[in-house]
């Protein structure tokens, strides 16, 4: 099978298209024929280590590979079809169209991926193409876990999403709106209309305004890109407000500990969770028309390095998708 691999950290040039042996599922696994995957900012960080907070650099490097990548294939979400199943698999059948989150599993820049049946796998939404479905799991699950499960979002709350046009932010805006919050989205000038169309009641152009100086207070500030000043955000929280970030900088960790002991405002960070039932929940919302994917660009598998170069620029809207023409290798 064809796959994109990397053997060392660095620029997109380290990504190589190569031929690998097609994997075979174990008794409790399914083999998925990948139709589409994505390039996330997290993939680019793991490839290059750029943008990793200094305080988190060493433990993160140890986790993914101190001297070189432990996992030679990047990618954390996909949509495709069940190609074959192990003898103990009961949830899926050959031919099932699925979408999958593999943040803590195998990389998805490949024509085929083996996954345990109990992984975060669900039947693909009927009203989405494979390319659209591949753009759901990472951003959708991150936004859902942080807003619903960690921040306990409530109807009527004032919620601000910083980085509202990114792969996590576009779902945070839509989900917060679905849960009944009054959403303010912060993004760049070119993305204001997009964020409005996703359900934001108000939009703020961060290139022209600093939302923390406008005198507004929010019950929840969701920093979907972990780039806002935590101390300034705390000043824009309501008396019992919550700031939640998506990447564990030293500042966030220290503030999380401090605010757990002192005061009523809270700073929260948590590891994203991958649950099949949450993918099913997102599927139901998608089929009901409550949320939708946002796709900026599409690239074929052979141009994955080009896709990484684009994402490295930091200006993508929603998701960048990689499409695959899979082969039926023996």
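Of all beta bridges that DSSP places with both ends in the chain, some 55 percent have antiparallel geometry. Computed with the Debye formula from one identical point scatterer per Cα of region 200-330, without solvent, the log10 of I(q)/I(0) at q = 0.17, 0.20 Å⁻¹ comes to -1.16, -1.26. Of the three principal axes defined by the Cα atoms of region 4-84, the extents in descending order read 43, 27, 21 Å. Taking every Cα-Cα distance in region 138-269 and sorting them into 10 Å bins starting at zero, the pair-distance distribution P(r) comes out as 14, 50, 33, 4, 0 percent. Highest GNM mean-square fluctuation among 175, 220, 254, for the chain modelled with Cα contacts below 10 Å: 254. Calculated from the alpha-carbon coordinates, region 46-94 shows an Rg and a Dmax of 17.0, 46 Å respectively.
A simple spin-label model places the labels of residue 62 and residue 297 3.7 nm from each other, with each point 7 Å out along Cα-to-Cβ.
Computed over the chain with a Gaussian network model linking Cα atoms closer than 10 Å, the most mobile of 42, 166, 215 is 215.
Fewest neighbouring Cβ atoms within 10 Å first, the residues 196, 292 line up as 196, 292.
Does region 147-218 come out rounded, prolate or oblate, given a ≥ b ≥ c as the square roots of the eigenvalues of its C-alpha gyration tensor, rounded meaning a/c under 1.5 and, failing that, prolate meaning a/b above b/c? Verdict is oblate for region 147-218. Shown here is the pair-distance distribution of region 1-144: with all Cα-Cα distances grouped in 5 Å bins from zero up to the longest one, the shares run 2, 10, 19, 21, 19, 15, 9, 4, 1, 0 percent. Each part gets one Cα centre, and for region 85-108 versus region 184-239 those centres are 37 Å apart. Between residue 217 and residue 13, how high is the FRET efficiency from 1/(1 + (r/R0)^6) when r is the Cβ-Cβ distance and R₀ = 51 Å? Nearest 0.05. After rounding to 0.05, the efficiency reads 0.65.
Ellipticity at 222 nm from helices only: DSSP H runs of n ≥ 4 in the chain, each -39500 (n - 2.57), divided by the residue count, give -7500 deg cm²/dmol.
Apply the a/c threshold of 1.5 to the C-alpha gyration tensor of region 241-284 and tell me whether it is rounded, prolate or oblate. Here region 241-284 falls in the prolate category.
Every number in this text was worked out from the coordinates using simple rules, so none of it is lab data. This is a predicted model, so every value here is computed, not measured. Cβ coordinates were reconstructed from backbone atoms using ideal geometry, including for glycine residues, and neighbour counts include every protein chain displayed.
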